[in-house]
Amino acid sequence: MRIKLLLASLLALLGIVPAAGVRAEINVGVTLSATGPAASLGIPEKNTFSLLPTTIAGQKINYIILDDASDTTTAVKNTRKLISENKVDVVIGSTTTPNSLAMIDVVAEGETPMISMAASARIIDPMDGKRAWVFKTPQNDAQMATAIVQHMLDNQVRTVAYIGFADAYGEGWWNEFSRIAEARKIQIVGNERFNRADTSVTGQVLKILAAKPDAVLVGGAGTPAALPQKSLKEKGYKGLMYQTHGVANADFLRVCGKDCEGTFLPAGPVLVAAQLPNSNPIKKVALEYVTKYEAMNGKGTVSTFGAHAWDASLLLAHAVPEALKKAQPGTPEFRKALRQALEKTTNLTAAHGVFNMSPQDHLGFDQRARVMVRIDNGTWKLVE
């Protein structure tokens, strides 16, 4: 009691009057897909939180982690609980694009900043009053689609078929890829969809085979993205295969097996950190994450998805000290200050790229945030 009175007196002398119920700890709410179809993405994210710092700028950090089971309704429910019951200062999540899009209304209503670990540009674009509270760490699908189209052109691809998820992720990739491909004079001869939980895509694959494309792009994520590729290979398809950065983990390699040999995809540089030239500014930060993750989970277990959580932590480590200059955790003023600090992030090197955010861009990655890789003998190889 005496210590509390002394502390109160000191704060009063300094002109600082804490509001009732204000805490000195920062609560970070997390909703991710540790189970369900997106589990191969969400599990490495969840594992990464055990590696994150428990203090920032002298403030204790409490991570409150919930599983949304790859379900949009549950992700929204979790977000409401984190904001209303746990009184979090920031939300990290979710793993998938549909979940993250559904969470936007909730965090905007609660005026709580959110850092998504999902890819679609629609999560932060177009910028409006609601998305002003939303940031993200994965590369935009448009950025990665540009890399794919350029690789196709370099390899004389003239016709391509697309098969993607029947959800916001698949639609987002179709919109971006088709726009860029058509502008670069690549003819799209097929546009098919499948659900994450499907066990057969025979009908869609037969249509693609009939179109005889030079290449096929699978707009999926995690292990479900292996299904159309395995089906195409089983039916004798010999053209080039492309996947999105949504498959960059060991579980996809395990499930797809030999059917994914020779597949090309864009990825964050962390996936091939050791293969990057020493001149690459991202290599040091990426290798730090890889070393720590594999020390805890085993060699070869690292993925780009866990690194999205790692980069979210780096953003907080950068923004929290600035927010603390304006307000204390647990207050609306702190959440607002944290949002403003995140928005002003510049030249922050992370495992996936260099963040340079602005009021119009809540990702802020440039071309340093992507590389092209090839699946070779069950491993990821940097395409020079």
- Message: List the lysines whose Cα sits under 21 Å from the Cα of Lys284, skipping any in the same chain fewer than 8 residues away.
- Response: Lys292, Lys299, Lys381
- For the chain, the accessible surface attributable to carbon and sulfur atoms (probe 1.4 angstrom, ligands and nucleic acids excluded) amounts in percent to 53
- Query: Taking a probe of 1.4 angstrom, what is the accessible area of Glu176 in Å², to the nearest 10?
  - Reply: 40
- Task: Taking DSSP loops as anything outside H, G, I, E and B, show the longest stretch in the chain free of trypsin sites (Lys or Arg not before Pro) there with at most 15 other beta carbons within 10 Å.
- Result: 1-129
- Using 16 Å as the cut-off for backbone N distance, which residues of segment 199-223 belong to the label zone defined by a point 7 Å from the Cα of Glu234 along Cα→Cβ? 199-209
- Message: Probe of 1.4 angstrom, ligands and nucleic acids ignored: what's the accessible area per residue over segment 141-267, in square angstrom?
- Response: 37
- Query: What residue among Ser358, Val149, His318 has its Cα farthest toward the positive end of the dipole of the chain, where the charges are +1 on Lys, Arg and -1 on Asp, Glu, each on the Cβ?
  - Reply: His318
- Item | Gained length - Lys326 relative to Arg254, 0.36 nm times residue gap less alpha-carbon distance | 21.1 nm
- Message: Using a Förster radius of 25 Å, what is the FRET efficiency between Gln275 and Asn356 based on their Cβ-Cβ separation? Nearest 0.05, please.
- Response: 0.50
- Which angle from 0 to 90°, rounded to the nearest 10, does the C-alpha axis of helix 39-49 make with the longest principal axis of the chain? 30
- Note on the structure: Here, Glu294 and Val383, labelled 7 Å along Cα→Cβ, have an inter-label distance in nm of 2.3
- Given the C-alpha centroids of segment 313-380 and segment 32-52, what is the distance between them in whole angstrom? 19
- Query: What FRET efficiency, computed as 1/(1 + (r/R0)^6) with R0 = 22 Å and r the Cβ-Cβ distance, is obtained for Asn347 and Ala57, rounded to the nearest 0.05?
  - Reply: 0.70
- Does anything in segment 210-224 have its amide N under 11 Å from the 7 Å Cα→Cβ label point of Arg158, and if so which residues? 214
- Query: By how many degrees, between 0 and 90 and to the nearest 10, does the Cα long axis of helix 168-183 differ from the longest principal axis of the chain?
  - Reply: 60
- segment 311-363 - charge dipole about Cα centre, Lys and Arg +1 at Cβ, Asp and Glu -1, debye rounded to 20: 220
- Query: Using only Cα atoms, what is the ratio of the radius of gyration of segment 141-267 to 2.2 N^0.38 Å?
  - Reply: 0.93
- Task: Hey, can you grab everything whose amide H is under 5 Å from the amide H of Asn62? Only 5+ residues off in sequence or another chain; H modelled, so Pro and N-termini drop out.
- Result: Ile26, Asn27, Val28
- Using unit Cβ charges (K, R positive; D, E negative) and no other charged atoms, how large, in debye to the nearest 20, is the dipole of the chain about its Cα centre? 400
- Query: What dipole magnitude, in Debye to the nearest 20, does segment 141-267 give about its Cα centre under +1 on Lys/Arg Cβ and -1 on Asp/Glu Cβ?
  - Reply: 380
- With springs only between Cα atoms under 10 Å, which of Leu271, Leu51, Leu338 fluctuates most in a Gaussian network model of the chain? Leu51
- Report the FRET efficiency, 1/(1 + (r/R0)^6), for Ala183 and Arg80, where r is their Cβ-Cβ distance and R0 is 51 Å, rounded to 0.05. 0.80
- Message: Could you tell me which residue out of Ala250, Ser231, Cys260 lies farthest along the dipole of the chain toward its positive end? Charges go on the beta carbon: Lys and Arg +1, Asp and Glu -1, centred on the Cα centre.
- Response: Ala250
- Task: Determine the gain in length on full extension of the stretch Thr199-Asp366; use 0.36 nm per residue of separation and subtract their C-alpha separation, reporting nm with one decimal.
- Result: 56.4 nm
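The values are calculated or read from the model by the stated rules, or taken from the named source; none is laboratory data. None of these values were measured; they are calculated from a predicted model. Reconstructed Cβ throughout: ideal geometry from the backbone, glycine too, with neighbour counts over all protein chains shown. For the accessible areas, the whole protein counts, side chains as well, though only heavy atoms, and no ligand, DNA or RNA atoms are used. Shrake-Rupley method; radii C 1.70, N 1.55, O 1.52, S 1.80 Å.
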